[in-house]
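Visitor: Attaching a single structure in structure tokens format; questions to follow.
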Amino acid sequence: MKQFKIACIPGDGIGQEVIPASQVVLEALALGQSQFSFEFTSFDWGGDYYRQHGIMMPADGLDALRSMDAILFGSAGDPNIPDHITLWGLRLKICQGFDQYANVRPTRILPGIDAPLKRCTPAQLNWVIVRENSEGEYAGVGGRAHQGHPIEVATDVSMMTRVGVQRIMRYAFKLAQSRPRKLLTVVTKSNAQRHAMVMWDEIAKEVSAEFPDVHWDKELVDACTARMVNRPATLDTLVATNLHADILSDLAAALAGSLGIAPTGNIDPERRYPSMFEPIHGSAFDIMGKGLANPIGSFWSCVMMLEHIGLDQQAQRLMQAIEAVTANPKLHTRDLGGEAHTQQVTEAVCQMLRH
Ligand code: IPM
Ligand code: MG
């Protein structure tokens, strides 16, 4: 029997509701299976940990995660701690510390979900956004001087490296190649940003030569938002910089019905380190502690995790259970216009798994 070691980091806000719910669902999935089991280890890092210790996670925290098969992450964010501290102190520390350079964000309109996007059938919308996850606008390069004085200056430098762009392009072309349509859109802004984004385009073209069977095109990021709304079926796999993909993926999630559904994986494709899976919705303090959180984004992230650790059949089983549950409007949480609570949705998914 293979035992998979899963680190759970609920973090802040509704992360503390959806990650325990995910654990329950994964336990239900493993129940009675003789091939595999899960061993969960939970870490109490986040805003409360910061209030006690002055840091979001211990200095040697990465060492505690290193030997894990995967990490399940809830969210980081606290109304009383500046966002850049919660982000850089926990989530980015893990993403960058473990060089999880590919952030993968699938979008589909799940059964039963009323999505605002009416220019395609649910079946025609099947996107994966590949987000560069290690540099670019999130490189952390920049600074401030003369704070509070009229001559104050501040910079955030977007830093792109040839190696960084090459590896994310290769990842995206390979992913596009593995999907039925073999279609990739390279998102850019090389009309206005005339250095790094021009290199980005050049490297896309170079890497494309390695994948002659992949059809690819280039789209400016602003035009891409319009194309997602007006001609959604012309898109399949997309690759974009850290910030561009951050913005496009929220749009994608909203177009598919709710931010509460969207999953993501922070992947180290070389598997030197554990990869990390999380819902993209964030900490949602307005609804925390009320049992209103939609756990579907977190469950779908578990599907991505199962695929990553090689449990493809189990991933399919869980995705089918999720889709059977979203198909029933009585099991929709508030973000989807329903009244169901986190626990009811969790219980319903577990019940589907028992069938
Ligand atoms: C995301 C989130 C984060 C990001 C926030 C929480 C800083 O919006 O994962 O998309 O911008 O990377
Ligand atoms: Mg975002």
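Visitor: Quick one: putting +1 on the C-beta of Lys and Arg, -1 on the C-beta of Asp and Glu, what dipole do you get for the chain around its Cα centre, in Debye to the nearest 20?
Guide: Around 840 debye, computed over the chain.
Visitor: Out of region 161-253, which GluC sites (Glu not before Pro) are coil in DSSP terms and have no more than 15 other C-beta atoms within 10 Å? Please list the in-between numbers first.
Guide: Details: sites: Glu202, Glu206, Glu210, Glu219; in loops: Glu210.
Sparse-neighbourhood loop GluC sites (Glu not before Pro): Glu210.
Visitor: Calculate one ³J(HN,Hα) per residue across region 256-273 by plugging θ = phi - 60° into the Karplus curve 6.51 cos²θ - 1.76 cosθ + 1.60, and present them in order as whole Hz with x for glycine and proline.
Guide: Calculated HN-Hα couplings, in order: 8, x, 5, 5, x, 9, 6, x, 7, x, 9, 10, 9, x, 7, 6, 6, 9 Hz.
Visitor: Note the full-extension length gain between Thr155 and Trp88 as 0.36 nm times their separation in residues minus their Cα-Cα distance, in nm to one decimal. Don't skip to the end; give the middle numbers.
Guide: On the way: separation 67, 0.36 × 67 = 24.12 nm, distance 1.70 nm.
Additional length available on full extension: 22.4 nm.
Visitor: Give the separation of the Cα centroids, region 255-275 to region 3-77, in Å.
Guide: 15 Å
Visitor: Now for a different question. Rounded if a/c is under 1.5, else prolate if a/b is larger than b/c, else oblate: which is region 29-83, with a ≥ b ≥ c the root eigenvalues of its Cα gyration tensor?
Guide: prolate
Visitor: Packing-wise, with mean Cβ within 10 Å as the measure, how do 1-14, 175-188 rank, highest first?
Guide: 1-14, 175-188
Visitor: Just for the Cα atoms in the chain, what are the lengths along the principal axes, largest first, rounded to whole Å?
Guide: Extents along the principal axes, in whole Å: 55, 50, 41.
Visitor: So what is the relative contact order for region 58-154, in percent, with contacts set as C-alpha pairs under 8 Å and at least six apart? Mind showing how you got there, number by number?
Guide: Values: 69 pairs, mean separation 20.0, N = 97.
Across region 58-154, relative contact order equals 21 percent.
Visitor: If you project the alpha carbons of region 150-242 onto the principal axes, what extent comes out on each, in Å, largest first?
Guide: 56, 33, 17
Visitor: If we sort 106-113, 125-132 on the protection proxy, mean other Cβ atoms within 10 Å, highest first, what's the order?
Guide: 125-132, 106-113
Visitor: As a test of the formula, what do you get for the chain when each DSSP H run with n ≥ 4 contributes -39,500 (n - 2.57) and the sum is divided by the residue count, at 222 nm and rounded to the nearest 500 deg cm²/dmol?
Guide: -11500 deg cm²/dmol
Visitor: Then there's this: Cα centroids of region 281-355 and region 166-219: how far apart, whole angstrom?
Guide: A separation of 33 Å, based on Cα centres.
Visitor: Additional query: Provide the net charge surrounding Cys350, with neighbours chosen by a C-beta distance below 14 Å and charges set as Lys +1, Arg +1, Asp -1, Glu -1.
Guide: Net of charged neighbours comes to 0.
Visitor: Further question on the same structure: Any of Lys2/Lys174; Lys174/Lys205; Lys118/Lys182; Lys93/Lys174 with alpha carbons more than 19 Å apart? Name them for me.
Guide: From Lys2/Lys174; Lys174/Lys205; Lys118/Lys182; Lys93/Lys174, over 19 Å: Lys2/Lys174; Lys118/Lys182; Lys93/Lys174.
Visitor: Then there is this: Give the relative contact order (percent, whole number) for region 106-220; include only Cα pairs under 8 Å separated by 6+ residues.
Guide: 20 percent
Visitor: For Leu62 and Gln35 in one chain, what is 0.36 nm times their gap in residues minus the Cα-Cα distance, to one decimal in nm?
Guide: Once the chain is fully extended between Leu62 and Gln35, it gains 6.9 nm.
Visitor: Also: Does region 140-202 come out rounded, prolate or oblate, given a ≥ b ≥ c as the square roots of the eigenvalues of its C-alpha gyration tensor, rounded meaning a/c under 1.5 and, failing that, prolate meaning a/b above b/c?
Guide: Here region 140-202 falls in the prolate category.
Visitor: Work out, in µm²/s and without decimals, the Stokes-Einstein translational diffusion coefficient of region 98-190 at 25 °C, 0.890 mPa s, Rh from Kirkwood over C-alpha pairs.
Guide: 149 µm²/s
Visitor: Using a cut-off of 10 Å between beta-carbons, work out the net charge of the residues near Val165 (Lys and Arg +1, Asp and Glu -1, Val165 not included). Display every interim value, and only then the final one.
Guide: Numbers: positive: Arg162, Arg167, Arg170; negative: Glu132, Glu135, Asp201, Glu202, Glu206.
Taking every Cβ under 10 Å from that of Val165, the sum is -2.
Visitor: Then there's this: Just to check I understand the Karplus step: with θ = phi - 60° and J = 6.51 cos²θ - 1.76 cosθ + 1.60, what whole-Hz values come out for region 98-112, glycine and proline as x?
Guide: 9, 6, 7, 7, 10, 9, 10, 10, x, 9, 9, 8, 6, x, x
Visitor: I would also like to ask the following. Just the number, please: percent antiparallel of the DSSP beta bridges in the chain, rounded to the nearest 5.
Guide: For the chain, the DSSP antiparallel bridge percentage is about 45.
Visitor: Relative contact order for region 220-355: what is it in percent, counting Cα pairs under 8 Å that are at least 6 residues apart?
Guide: Result for region 220-355 is 18 percent.
Visitor: Let me ask something else about it. Let a ≥ b ≥ c be the square roots of the eigenvalues of the Cα gyration tensor of region 1-156; is it rounded (a/c under 1.5), or, if not, prolate (a/b larger than b/c) or oblate?
Guide: oblate
Visitor: Next up: Convert each backbone phi in region 340-345 into a coupling constant with the Karplus relation 6.51 cos²θ - 1.76 cosθ + 1.60 (shift: θ = phi - 60°), then list the ³J(HN,Hα) values in order as whole Hz, x for Gly and Pro.
Guide: Per-residue couplings from phi come out as 5, 9, 3, 5, 5, 5 Hz.
Visitor: What is the local net charge at Phe285, summed over the other residues whose Cβ is closer than 10 Å to its Cβ (Lys, Arg +1; Asp, Glu -1)?
Guide: Neighbour charge sum, excluding Phe285 itself: -3.
Just so you know, all these numbers are worked out from the coordinates, no wet-lab data involved. Since this is a predicted model, take the numbers as computed values, not measurements. Positions of Cβ are generated from backbone atoms using ideal geometry, with glycine treated the same way; all protein chains shown enter the neighbour counts.
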